[in-house]
Amino acid sequence: MGFANWDELRTAYQVARIGTVSGAAEVLGVHHATVIRHIDALEARLGVRLFQRHPRGYTPTEAGVQLLAVGQATEDQFAQLAARIMGAGGEVSGELIVTSLPGLSGLVLPALARLQADHPALILRYITDLRVFRLEYGEAHVAIRAGARPTEPDNVVQPLARHQVALYAAPAYAAAHGLPETDADLARHRFVGAEGADARAPFHRWLAARVPAERIVFRTNEADAQVVAVVAGLGLGFLPRAEAPLRPDLIEVMAPRSDWEAPLWLVTHVDLHRTPKVQAALAALKAAASACPAPTPET
């Protein structure tokens, strides 16, 4: 059984990216019947369904999503090659995907806003998740990771900043329960905490060692829900220091501490690391990180 040809792969990539046969046909400059024939032939060669067909278009299956990721990475690499050949290496355009763990929008979004202001031809996608995105499969151009230094082969890893969190309270909580003045006061207060993988963060482990489990009265695996719960006065909660300017109504109860921190890393794939848009993104993120407020010294 022979493997798929490039035309079939390119067609499938465009269908996965756009979601419709007609849209892919327009981009490729072919008849929609050609698109359908390529998809059918590729699925027959691979022995797997790449798309679920429905009246609104084509939705990628798990295999189709993998093909989309590889296709995006391949397209980026061809664009890099074409830019070098044609001498257009200074252009910053096209799609740029940045990923991070949740809770870093206060750091990332100002950087992306500045980046897009400087390069209006960029189309930005910012995706947050606790899982590790696979750069070698084209899931992202730039990933921001926390914790131990990433060690995957073929990745370029650079330090970005320290992930700093502080303990916050809503004015409504302070009015109803007061605020802790020392670590010894913590055990009598109510807290918003994390569920699942996020509960392993250094600051959540620090809290769990100092307050009874029943004092963590609200837990969630969603970072945004933790913020909303703190704002609603359900309890004290940890929030990234970079988010503080977005929540001026909250009270900083305890300033960032070194044992609550984790290092942040910028991760890129070696094949795309030196492309103009990736370099522009790295510069913008480093500038945003250097502009973040310094932690308040511990007392």
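Structure summary
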{"read-out": "Tally, over the range 111-147, of residues that are open to solvent by 40 Å² or more (accessible area, probe 1.4 Å) and not in a loop (DSSP other than H, G, I, E, B)", "value": "14"}
{"read-out": "Options ARG205, ARG190: the member that is modelled with pLDDT of 95 or more, open to solvent by 30 Å² or more (accessible area, probe 1.4 Å) and either more than 30 Å from ALA69 (Cβ to Cβ) or over 19 Å from the mean Cα position of the chain (by Cα) (or both)", "value": "ARG190"}
{"read-out": "Residue list for the range 109-123, restricted to those being under 16 Å from ALA291 (Cβ atoms) and touching a residue at least 40 places away in the same chain (Cβ under 8 Å)", "value": "PRO110, ALA111, LEU112, ARG114, LEU115, ASP118"}
{"read-out": "Residue match in the range 253-276 (condition: within 17 Å of the chain's Cα centre (by Cα) and either among the charged types (D, E, K, R) or outside any strand (DSSP E or B) (or both))", "value": "no"}
{"read-out": "Pick from the range 208-228, criterion part of a helix (DSSP H, G or I), over 23 Å from SER105 (Cα atoms) and not aliphatic (A, V, I, L, M), ranking: most open to solvent (accessible area, probe 1.4 Å)", "value": "GLU214"}
{"read-out": "Qualifying position, being at pLDDT below 90 and more than 25 Å from ARG134 (Cα to Cα), among PRO248, PRO256, PRO276", "value": "PRO248"}
{"read-out": "From the options GLY237, GLY233, residue that is open to solvent by less than 30 Å² (accessible area, probe 1.4 Å) and at positive phi", "value": "GLY233"}
{"read-out": "Boolean, GLN52 is at pLDDT below 85 and either surrounded by fewer than 15 Cβ atoms within 10 Å (Cβ to Cβ) or out of contact with any Leu (no Cβ under 6 Å at 6 or more places or on another chain) (or both)", "value": "no"}
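For every residue, the table says whether it meets (1) in the same structural domain as HIS119 (by the TED database); (2) over 14 Å from GLN14 (Cβ atoms); (3) modelled with pLDDT under 80.
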position: TYR58; (1), (2), (3): no, no, no
position: LEU67; (1), (2), (3): no, no, no
position: GLY71; (1), (2), (3): no, no, yes
position: GLU75; (1), (2), (3): no, no, yes
position: LEU81; (1), (2), (3): no, yes, yes
position: GLU95; (1), (2), (3): yes, no, no
position: SER105; (1), (2), (3): yes, yes, no
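The values are calculated or read from the model by the stated rules, or taken from the named source; none is laboratory data. Since this is a predicted model, take the numbers as computed values, not measurements. Positions of Cβ are backbone-derived with ideal geometry, glycine not excepted, and every protein chain shown enters the neighbour counts. Heads up: the accessible areas ignore ligands, DNA and RNA and are worked out on the full protein's heavy atoms, side chains in. Shrake-Rupley method; radii C 1.70, N 1.55, O 1.52, S 1.80 Å.
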